[in-house]
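Enquirer: Okay, here's the structure, questions in a sec.
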Amino acid sequence: MWALPKIITSVQQSDQKVRQNTTSWVIRGFQNTDKVSCYANATLQCLFHLNIIRKHLLNSDKLNILSILVHRYENGILNLSIYAVREYLGKNFLTCIKRDAFDFFIALCTKYDFIKKLVEHQIISTCRCITCGDTKITTNNNFILSISVNNSNKKSFNLNDLLNISFSHWIKKLNDKLCERCEGNDMLFKNEITLTKQIIIIHLISFSYQNGTLVKVPQKINLCALPKSKILIAGQPYKIMNAIFHYGSCIKNGHFISMCREGSSWIEADDTQVTKKQWPRGAKNIYILFLQKVDNK
């Protein structure tokens, strides 16, 4: 655990009134001494490797657990641990049990308002009764776009295809709740992404509960052309910058790693091990994608 007053003093002395805009960013590993921290390590690697997140933390006048960690990371301090971040997020992340990177990211958004503001997007959901045409529209603000990857007979997709299938198309299905006007239950549903910010987080639904355990659902498709594609979301262009991969059959016994973009190359961060790697063909074990808005040229 960190000695917080010493760290704050160290950061203030090394960065007093000096902003870190020109220093090159080097990806460094995180410790995983308790053998369960991989979910947090992978998530923070992806967040820190987004320019807009990193600059906010490095240039903030208010020091907090996350900004102290990113200062230590940027200054090349070795053997970094994310335990203090887990501690700050609450007891669910303190136990010696492997957690879901998805839940860890949601907890970060809940605690850090600036992250929430950068990733929050708006979805308009429409439910229409086929029998009488009665229509209900709701608007929701979400942190993460969650998408099922096994809802089609196609074997190969790019991410634009997957987004188009999941959003802006009517889907017919029976609804448990009857129509208030005619009591029919044949409904059409449609979700539309209508407002986005600088960052979009896409969660590919990969787990389901079986006997109280989160078990991995086998991915039946290949996601092709991910690193090179420009992704259109709500009419805005985005680029994949980082990704979390999960290996294993369930959360408890599996392992999370991250891959971060460095120009045209990719760097894999597997806890303390940081190596240059090729993007995996088909991206079978991909779980969470971190996209950043790019200039619309």
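Enquirer: Among the numbered conditions (1) within 18 Å of the chain's Cα centre (by Cα); (2) free of Cβ contacts under 8 Å to residues at least 60 places away in the same chain, tell me where residue 260 comes up short.
Expert: The single condition residue 260 does not satisfy is (2).
Enquirer: Please pick out the residue among 131, 110 that is of a type outside the set (A, V, I, L, M), at pLDDT 95 or above and surrounded by fewer than 21 Cβ atoms within 10 Å (Cβ to Cβ).
Expert: Result of the check over 131, 110: 110.
Enquirer: Still on this structure, I have one more. Identify the single condition in (1) crowded, with 20+ Cβ neighbours inside 10 Å; (2) out of contact with any strand residue (DSSP E or B) (no Cβ under 9 Å at 6 or more places or on another chain); (3) of a type outside the set (Ser, Thr, Tyr) that residue 47 does not satisfy, given that it satisfies every other one.
Expert: (2)
Enquirer: Okay, moving on. State the number of residues belonging to region 15-64 that are assigned to a loop (DSSP other than H, G, I, E, B) and either modelled with pLDDT under 85 or over 15 Å from the mean Cα position of the chain (by Cα) (or both).
Expert: Result for region 15-64: 27.
Enquirer: Just checking, does region 87-100 include any residue being touching a strand residue (DSSP E or B) at 6+ places or on another chain (Cβ under 9 Å) and in a helix (DSSP H, G or I)?
Expert: For region 87-100, residues touching a strand residue (DSSP E or B) at 6+ places or on another chain (Cβ under 9 Å) and in a helix (DSSP H, G or I): absent.
Enquirer: Does at least one position in region 187-196 carry a residue that is without any contact (Cβ under 8 Å) to a residue 60 or more places away in the chain and either surrounded by 14 or more Cβ atoms within 10 Å (Cβ to Cβ) or under 24 Å from residue 237 (Cα atoms) (or both)?
Expert: No, region 187-196 contains no residue that is without any contact (Cβ under 8 Å) to a residue 60 or more places away in the chain and either surrounded by 14 or more Cβ atoms within 10 Å (Cβ to Cβ) or under 24 Å from residue 237 (Cα atoms) (or both).
Enquirer: How about region 280-297: which of its residues are in contact with a Lys or Arg (Cβ under 9 Å, 6 or more places away or on another chain) and under 11 Å from residue 242 (Cα atoms)?
Expert: Passing the criteria: 291, 292.
Enquirer: Any idea which of 118, 163 is assigned to a helix (DSSP H, G or I) and modelled with pLDDT of 90 or more?
Expert: Testing whether each residue is assigned to a helix (DSSP H, G or I) and modelled with pLDDT of 90 or more leaves just 118.
Enquirer: If you check residue 185 against the conditions, is it of a type outside the set (Gly, Ala, Ser), out of contact with any helix residue (DSSP H, G or I) (no Cβ under 7 Å at 6 or more places or on another chain), at pLDDT 85 or above and under 23 Å from residue 43 (Cβ atoms)?
Expert: no
Enquirer: Looking at region 82-106 only, could you name the residues that are of a type in the set (D, E, K, R), farther than 14 Å from residue 256 by Cβ and touching a residue at least 60 places away in the same chain (Cβ under 8 Å)?
Expert: Passing the criteria: only 87.
The values are calculated or read from the model by the stated rules, or taken from the named source; none is laboratory data. Only a predicted model underlies this, so the values are computations on that prediction, with no experimental measurement involved. Don't worry about glycine lacking a Cβ; one is built from the backbone with ideal geometry, like all the others, and counts go over all protein chains shown.
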